[in-house]
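Written below as structure tokens is the structure these notes are about.
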Amino acid sequence: MKKLITALLGASLLSTPVFAQSAWTGGDDQPTNPLACTGESPAPEPGEYNGGTPTNAPDRNGKDLTVVDIPKLVGVGYFASTASGMQEAAKELGNITINTDGPTRANIDEQITFVDNYITSGVDGILFAANDPVAIAPVLEKALEAGINVVGYDADAEADARQWFVNQALPNGVAKSMMDQLASEIGEDGSFAIVTSTFTTPNQARWISEMQAYTEKCYPNLKFLETVEAQEDNILSFNQAQTLINKYGDELNGILGMTSVATPAAAEAVQQNSLCGKVSVVGLALPNAMKPYINSDCIQSTILWNTVDLGYAAAQVMRQVADGTLKPGATTVTAGRLGELQIVNQSQVLLGQPKVFTKADINDFDF
Amino acid sequence: MTAMTRILIRHEFILGILFVIVLFAMASQNDRFLTTANLLNQARLMTEVGLIAIPMTFVIVTGGIDLSVGSILGLCAILLGVFWQNLGLPLPAAIGLSLAAGTAAGFANGLIVTRFRVPPLIATLATLALYRGLAEGISQARSVRGYPDWFAVLGRGDFLGIPTQLWLFALVAAVGIFVLRFTTFGRTTYAIGNNEAAAEFSGLPVVRTKLLIYTASGFISALAAIVFVSRVSTTRSDMGSGIELEVITAVVLGGTSIFGGRGMVIGTLIGLCLMQILQNGLSLSGVRGDGTTVVIGAVLIVAVLISNLLSRFSSD
């Protein structure tokens with residue numbers, strides 16, 4: 001009811017059409033929690049710790065640690081860059097050795113075997129990015145039972161199967177970065193459309209809802225046109241972006257890409273239609289996929305978290321968990337050069353706001 | 001040539017020696033390797049591949065191949081989850097239906113190979129894509145979770161101190177050894193592999209035998225799916241992808257000729273164990289995953305080369 005009144009009030013005051021305030025397609029109906037339009041948002045309460053605890057872990061405070069990092073898969077740019085962040089932290093700390101090893105395909109069965117073998121070989125800590133949150137849980141619980149410190153990053157497991165999880169971005173943080181960037185490119189009264197995977201994909205649906213809430217709060221004059229589905233398919237994403245361009249013509253100022261496939265495909269469509277500078281593309285994508293468009297000045301930015309920082313933070317958290325300085329109930333953790341990181345969602349360390357890559361720095365990243 | 005030397009130059013015997021050498025080499029590298037806990041744990045991890053390798057030995061002895069086993073595993077795992085959670089059937093009924101679906105998938109393979117005379121490589125390459133596609137379509141990329149505790153006994157529990165699924169594996173292996181070695185069915189299997197046309201003209205039931213073997217391959221793949229789901233307590237459509245290559249490696253390493261007519265279940269078992277202890281032992285001594293894959297490939301080539309050289313030497 002309150003929302004409806006706000007909507008009507010907003011409609012009468014700003015004389016925008018009422019339909020512009022109706023729900024965007026492709027969002028979920030979960031409650032939203034938009035961040036403040038400018039400046040820092042107050043830190044949410046982390047709540048009671050719900051992670052696991054290793055059984056009879058030896059005192060590792062200040063001692064040399066042997067840690068294995070088991071990402072979803074090895075041999076791809078994304079996890080090579082998280083691993084390089086870990087090595088950076090290891091070098092800085094001096095008393096932790098991190099060895100990255102894992103399956104060559106994102107295969108949960110192989111990943112479980114890797115974890116299992118490293119438990120037997122007797123490491124002090126395991127860093128992981130899970131291929132499946134539930135399937136990996138039993139073997140991680142086994143690691144905790146063997147007194148091994150377990151910290152996740154990038155992709156979580158069930159909370160009680162690990163101690164802490166370094167979360168790269170919260171949905172409201174992604175929403176704020178996306179909409180701030182869009183508004184800065186197309187102005188605060190432009191029109192835009194969204195290319196998503198499907199209306200029911202959990203992550204994308206969550207982000208779209210948060211984006212709507214944040215837009216209503218901070219950019220009430222931005223005009224939402226429609227959301228189109230493109231699976232996570234390269235060709236379909238291109239076609240959908242092409243259709244949007246044909247359908248809306250000059251009215252369309254921006255396209256939001258919700259997947260790492262949709263964003264470069266939309267950029268390609270904009271470039272092929274010679275609409276560089278007229279239609280902006282803002283979205284989540286790997287820097288490597290966006291380099292051609294950004295370096296040729298067709299597209300201004302791409303949004304993602306800094307994967308090197310993600311690995312760096314994971315290694316720092318591992319050190320502090322082993323030392324016993326990061327305990328249940330903490331509200332912040334100091335992670336080397338990243339400074340203070342917040343604890344959120346009971347047992348997660350938040351890396352921070354997503355990073356906007358532009359022509360100025362995108363060529364420094366390789367993933 | 002005496003019977004003794006004939007046994008000594010058998011591929012299985014050479015492989016056995018290689019196995020013992022690797023076992024001791026690995027044990028000297030790492031003191032955590034040769035412990036009961038580790039070995040039993042490794043046996044638990046290799047059960048799914050091992051189960052499927054038994055009927056695969058039969059398939060390859062007939063001169064055929066079944067590439068679709070990993071996809072059948074994925075499909076049956078998904079069906080188990082869908083029958084249980086989405087259709088609300090009791091779990092035992094879902095298990096039964098899932099086994100039936102796997103058997104039907106294997107039977108379909110057999111039909112395509114025997115009735116339509118499609119070469120097994122092409123037939124099962126097609127069903128590899130077909131069954132995996134079905135699994136992904138049915139699951140809509142969603143996983144099924146939250147299986148009851150009693151179900152986990154199969155994949156994570158122990159019976160008399162031995163992992164539960166190992167008993168199941170031992171039973172399947174024993175049946176495989178008996179059928180291939182001591183029954184008419186087993187001798188027909190060898191006959192088909194040696195010369196299919198000759199077997200047919202001798203009045204052997206070639207079509208029925210092949211049909212049964214592919215069906216069994218589907219059934220055991222479904223059984224492996226149940227064990228797999230129980231072990232990881234979740235169902236995903238990409239389960240078992242690529243497992244067919246591990247299975248075929250174990251069978252071929254075990255001395256079964258890819259051209260058919262030669263091979264033993266016992267060889268497959270040794271090949272399987274050799275692969276598993278190599279993987280585990282190398283990993284424990286700090287060799288990374290990609291290095292392990294290289295070593296296993298090298299061992300496979302060396303084992304096949306030695307066996308070929310010796311058999312050439314012996315037939316002179």
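The values are calculated or read from the model by the stated rules, or taken from the named source; none is laboratory data. This is a predicted model, so every value here is computed, not measured. Here the Cβ positions follow ideal geometry from the backbone for every residue, glycine too, while neighbour counts run over all protein chains shown. For accessibility, only protein heavy atoms count, side chains too; no ligands or nucleic acids. Shrake-Rupley method; radii C 1.70, N 1.55, O 1.52, S 1.80 Å.
Worth a mention:
- Area hidden from solvent between A and B (accessible, protein heavy atoms only, 1.4 Å, total, Å²): 2000 Å²
- Counting Lys and Arg as +1 and Asp and Glu as -1 over every other residue whose Cβ lies under 12 Å from the Cβ of A:G190, the net charge comes to -3.
- Estimated from helical segments only, the mean residue ellipticity of chain A at 222 nm is -12000 deg cm²/dmol, where each DSSP H run of four or more residues counts as -39500 (n - 2.57).
- B:F259/B:A100 FRET efficiency (R0 30 Å; Cβ-Cβ; nearest 0.05): 0.35
- Relative contact order of chain A, pairs being alpha-carbon contacts under 8 Å that are 6 or more residues apart, as %: 22 percent
- Scoring A:107-116, B:288-297, B:47-56 by mean Cβ neighbours within 10 Å over their residues and listing the highest first yields B:47-56, A:107-116, B:288-297.
- Accessible area per residue (1.4 Å probe, heavy atoms of protein chains only) ranks A:T243, A:T259, B:T249 as A:T243, B:T249, A:T259, with the largest value leading.
- Each of B:D149, A:D132 has its accessible area taken with a 1.4 Å probe; listed largest first, they run B:D149, A:D132.
- Accessible area (Å², 1.4 Å probe, nearest 10) - A:T200: 90 Å²
- Averaged per residue, chain B has 44 square angstrom of accessible surface, using a 1.4 angstrom probe with ligands and nucleic acids left out.
- Distance from segment A:187-262 to segment B:228-286 (C-alpha centre basis), Å: 46 Å
- Averaging the sequence gap over all C-alpha pairs within less than 8 Å and six or more residues apart, then dividing by the number of residues, gives segment B:35-311 a relative contact order of 34 percent.
- Accessible-area value, B:L121, 1.4 Å probe, nucleic acids and ligands omitted, Å²: 100 Å²
- Backbone amide hydrogens, once placed in the peptide plane, bring A:L341 within less than 5 Å of A:V333, A:T334, A:A335, excluding anything fewer than 5 places away on its chain.
- Solvent-accessible area of A:D297 with every protein chain in place, 1.4 Å probe, in Å² to the nearest 10: 100 Å²
- Computed over protein heavy atoms with a 1.4 angstrom probe, the accessible surface ordering of B:W150, B:W167, A:W207, largest first, is B:W150, B:W167, A:W207.
- Taking only the alpha carbons of the protein assembly as shown, we obtain Rg and Dmax values of 28.7, 103 Å in that order.
- Per-residue mean of C-beta atoms belonging to partner chains within 10 Å, peptide B:279-286: 3
- Segment A:33-187 - Kirkwood radius from inverse mean 1/r over Cα pairs (Å): 17.2 Å
- With a 10 Å cut-off around each Cβ of B:145-158, the average count of Cβ atoms from other chains is 1.
- Cysteines, the protein assembly as shown, no other Cys beta-carbon under 4.7 Å: B:C76, B:C273
- Where segment A:318-367 is the region considered: accessible area per residue in Å², 1.4 Å probe: 46 Å²
- Local net charge near A:Q320, Cβ-Cβ under 14 Å (Lys/Arg +1, Asp/Glu -1): 0
- Of all accessible heavy-atom area on chain B, the percent that carbon and sulfur account for (1.4 Å): 70 percent
- Peptide A:122-134 has a mean shielding of 2, counted as Cβ atoms of other protein chains within 10 Å of each residue's Cβ.
- Calculated from backbone phi, Karplus (6.51, -1.76, 1.60) coupling profile of segment A:99-115 in Hz, x at Gly/Pro: 10, 8, 8, x, x, 8, 10, 6, 10, 5, 5, 5, 4, 4, 4, 4, 4
- Net charge in the neighbourhood of A:M86 (other residues with Cβ under 14 Å of its Cβ; Lys, Arg +1, Asp, Glu -1) is -3.
- Relative contact order for segment B:134-223: 12 percent, from Cα pairs under 8 Å spaced at least 6 residues apart, divided by residue count.
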